[in-house]
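> Pasting a structure below so you can have a look.
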Amino acid sequence: MGRKFRVGLTGGIACGKTTVANLFSALGVSVVDTDLLAREVVEPGTPLLARIAEHFGAAMLHKDGSLDRARLRERVFAESADREWLEQLLHPAIRALTDARCESATGAYVIVAIPLLVETAGAGRFDRVLVIDCDPAIQLARLQARDGITREAAARMLAAQASRQQRLAVADDVIENDGGIDTLRARVEALHRQYLSAASAQSDRDAS
């Protein structure tokens, strides 16, 4: 049995990745969300959480021992060296857990929602890369509204990510999320049919 057909779903922050992932899920597609896996690997009692507390200090933990993700995010977006250290710690664990969840997933193919696909040079791990894109001005406004932050803070968060051009350069498929939900749903349904066909063709090749 061959490896399950994988689609890497990525895009800039506040471009609509979660909405698109939910639309695929509504069609019965298995979705592996690496943001959720990133939380799982730093749950209270895990070795990785202990390493984070040792590196950044106990102030990064809530009173119940869980990670203060907002404080940590603020720290690593402000200091690139801290962000690099954290990524080197977490990414191998998240990648291993992603692989395990993909292989146990049901259905013809699996969507892997991975915001940092470009930053981690992960495009080669997927059969297709789907990038959710939107106008930068819309993206900035969505991020401000979503997180309740200033324009300057939102701009810093965007600057810390891969550029729009870098994401589009690795894309096999692109969804422009500048319109309404009906347009988005129609695009997802078209890609779903395309991915089902590609997964079936891969399965036939593996079986031959």
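> Under a Cβ-Cβ cut-off of 15 Å, what is the net charge of the residues other than residue 10 that fall near it, where Lys and Arg count +1 and Asp and Glu count -1?
-1
> List the trypsin sites (Lys or Arg not before Pro) within region 47-86 that DSSP assigns to loop and that have no more than 16 neighbouring Cβ atoms inside 10 Å. Please list the in-between numbers first.
Numbers: sites: 51, 63, 69, 71, 73, 75, 83; in loops: 63.
When the trypsin sites (Lys or Arg not before Pro) of region 47-86 are filtered for loop state and at most 16 Cβ neighbours within 10 Å, 63 remain.
> Against the empirical 2.2 N^0.38 Å scaling, what ratio does the C-alpha Rg of region 41-106 come to?
Taking the Cα Rg and dividing by 2.2 N^0.38 Å, one obtains 1.22.
> Follow-up. Run the helix sum for the chain: -39,500 (n - 2.57) per DSSP H stretch of 4+ residues, divided by residue count, reported at 222 nm to the nearest 500 deg cm²/dmol.
-17500 deg cm²/dmol
> Under 5 Å between amide H atoms, partner at least 5 residues away or on a different chain: which partners does residue 32 have, H built in plane at 1.01 Å?
Long-range HN contacts for residue 32: 111, 112, 113.
> With charges set only on the Cβ (+1 for Lys and Arg, -1 for Asp and Glu), what does the dipole of region 41-106 come to about its Cα centre, in debye to the nearest 20?
120
> To continue, here is another question. Contact order normalised by length for the chain, with contacts defined as Cα pairs under 8 Å and 6 or more residues apart; what percent is it?
Across the chain, relative contact order equals 37 percent.
> Report the gain in length on full extension from residue 196 to residue 89: 0.36 nm times residue separation, minus Cα-Cα distance, nm rounded to one decimal.
That pair, residue 196 and residue 89, stretches by 35.0 nm at full extension.
> Could you tell me the relative contact order of region 22-92? Use alpha-carbon pairs under 8 Å, at least six residues apart, and round to a whole percent.
That works out to 21 percent.
> Need the full-extension length gain, residue 78 to residue 169, defined as separation in residues times 0.36 nm minus the C-alpha distance. One decimal, nm.
Separation in residues times 0.36 nm, less the Cα-Cα distance, equals 30.1 nm.
> Taking the Cα centre of region 41-106 as the origin and placing charges on Cβ (Lys, Arg +1; Asp, Glu -1), which of 76, 96, 59 is farthest toward the positive end of the dipole?
It is 59.
Coordinate-derived values only; no laboratory data. Every value quoted in this text rests on a predicted model; they were computed, and no experiment measured them. Ideal geometry is used to build each Cβ from the backbone, glycine not excepted, and the neighbour counts take in all protein chains shown.
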